[in-house]
Amino acid sequence: MRHMKILNYSILFILLCCSTFAKAQYTLFSKVGSISFDKTMYMKNIVNKQFIAKADGNSKDQFERMLPTIPENVVLKKTLKFNGNETLFQPVVGQELDMKVKQLIMMFALDFDAQTLSNLATKDYKRFNDVMGDKIIIQDSVKTVKWRITDEYREIAGYTCRRANGFTSDSTYVIGFYANEIPVSGGPESINGLPGMILGLVVPSQHVSYFATQVELSNTIVMDKKVFENKKTKSMTRKQMVDQFTETISQWLNKETVKYIMQLATL
């Protein structure tokens, strides 16, 4: 009888260990889930360095008068859903922003309520932008980033992330912090190509950063792709979009500022 009890306890212990191990493997190596991000735009830096420093006389005076009323930074809530090789990056619906902040974002064209759908296996990329009322879907390939992995680490949303420095195909310098425990080579917007999910992204030239605040792993995830299925929305490549809107926006902004806005729209 005593031997039977010992045997039963042993079996129970083994089952518990197996369950814990399986759960640990799922937690560490899941390829399905959702990540909440804070996108921080450093507003005063943006206006100072991308608008005032590059403006002509009349525009410069106008921007300088506005500068004292502009907040240091603005945080927008974003979500990244991932399922294997597919990722969907989109804004959180219903987030409350001060009306003045909304107007500033629209005036300086700093965020387009973009949604980015990437297939990391086929390298296909779709990005929905609402640029000054014009709804556009960019259909192109995901950005190629040349990375150099460093020995610097940082904890983000409970994960130990390793830093990598990279340059995109249009020579934009980016800093990525990736988590090996999430074996998906994706990240915010269309930035990708590291051996783990990017939970922290900094784009110094654009004065913007993205950092995960929460990671939820699961067995299944629902991705709402309806915005990409509207046949009435105009589709174009990155280059076609840049060419079209550069011509329009250049009527009231200088070439370098327009280039900055277009880099934001096609990240």
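Table: residues versus (1) closer than 17 Å to Asp130 by Cα; (2) not polar (S, T, N, Q).
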| site | (1), (2) |
| --- | --- |
| Ala55 | no, yes |
| Ser59 | no, no |
| Pro68 | no, yes |
| Glu72 | no, yes |
| Lys81 | no, yes |
| Thr87 | no, no |
| Pro91 | yes, yes |
| Glu96 | no, yes |
| Met106 | yes, yes |
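Only one entry in Gly176, Gly200, Gly187, Gly166 is assigned to a loop (DSSP other than H, G, I, E, B), touching a residue at least 12 places away in the same chain (Cβ under 8 Å) and out of contact with any helix residue (DSSP H, G or I) (no Cβ under 9 Å at 6 or more places or on another chain), namely Gly187. Looking only at residues of region 49-70 that are part of a loop (DSSP other than H, G, I, E, B) and exposed (fewer than 13 other Cβ atoms within 10 Å of the Cβ), we find that the one that is nearest to the chain's Cα centre (by Cα) is Ala53.
Go through Lys81, Lys39 for me and flag whichever is open to solvent by 40 Å² or more (accessible area, probe 1.4 Å), part of a strand (DSSP E or B) and either in contact with a strand residue (DSSP E or B) (Cβ under 8 Å, 6 or more places away or on another chain) or more than 18 Å from Pro188 (Cβ to Cβ) (or both).
Lys81
Note on region 188-225: residues that are under 17 Å from Ala164 (Cβ atoms) and open to solvent by less than 30 Å² (accessible area, probe 1.4 Å) total 16.
Taken over region 242-264, the criterion of being touching a residue at least 40 places away in the same chain (Cβ under 8 Å), touching a helix residue (DSSP H, G or I) at 6+ places or on another chain (Cβ under 7 Å) and either loosely packed, with under 15 Cβ neighbours inside 10 Å or among the aliphatic types (A, V, I, L, M) (or both) is satisfied by Ile249, Ile261, Leu264. Under the condition of being open to solvent by less than 50 Å² (accessible area, probe 1.4 Å) and assigned to a strand (DSSP E or B), the residues counted in region 140-162 number 5. Candidates in region 89-106 are the residues that are under 20 Å from the mean Cα position of the chain (by Cα) and among the β-branched types (Val, Ile, Thr); of these, the one that is least open to solvent (accessible area, probe 1.4 Å) is Ile105. Residues in region 112-139 that are surrounded by fewer than 21 Cβ atoms within 10 Å (Cβ to Cβ) and in a loop (DSSP other than H, G, I, E, B): Asp113, Leu120, Ala121, Thr122, Lys123, Met132, Gly133.
Being polar (S, T, N, Q), closer than 21 Å to Met132 by Cα and in a loop (DSSP other than H, G, I, E, B) is the filter here, so list the residues in region 212-246 that pass it. Outline the logic, then answer.
Of the residues in region 212-246, the ones polar (S, T, N, Q) are 213-214, 218-220, 230, 233, 235, 237, 240, 244, 246.
Cutting the leftovers down to closer than 21 Å to Met132 by Cα gives us 230, 233, 235, 237, 240, 244, 246.
The answer is Asn230, Thr233, Thr237.
Each residue in region 226-241 was checked for being over 22 Å from Ser169 (Cα atoms), under 21 Å from the mean Cα position of the chain (by Cα) and open to solvent by 60 Å² or more (accessible area, probe 1.4 Å), and 1 pass.
Every test in (1) over 15 Å from the mean Cα position of the chain (by Cα); (2) surrounded by 14 or more Cβ atoms within 10 Å (Cβ to Cβ) is passed by Thr168 save one, and that test is (1). Just to be sure before I move on: is Asn73 open to solvent by 70 Å² or more (accessible area, probe 1.4 Å), in contact (Cβ under 8 Å) with a residue 40 or more places away in the chain and either in contact with a strand residue (DSSP E or B) (Cβ under 8 Å, 6 or more places away or on another chain) or over 21 Å from Lys226 (Cβ atoms) (or both) in the structure I sent? Taking the combined requirement at face value, the residue does not satisfy it.
The values are calculated or read from the model by the stated rules, or taken from the named source; none is laboratory data. What you see is a predicted model; the values in this text were computed from it and never measured. So basically every Cβ, Gly included, is an ideal-geometry build from the backbone, and we count neighbours across all protein chains shown. When the accessible area is computed, the model is the full protein with side chains, heavy atoms only, and any ligands, DNA or RNA have been set aside. Shrake-Rupley method; radii C 1.70, N 1.55, O 1.52, S 1.80 Å.
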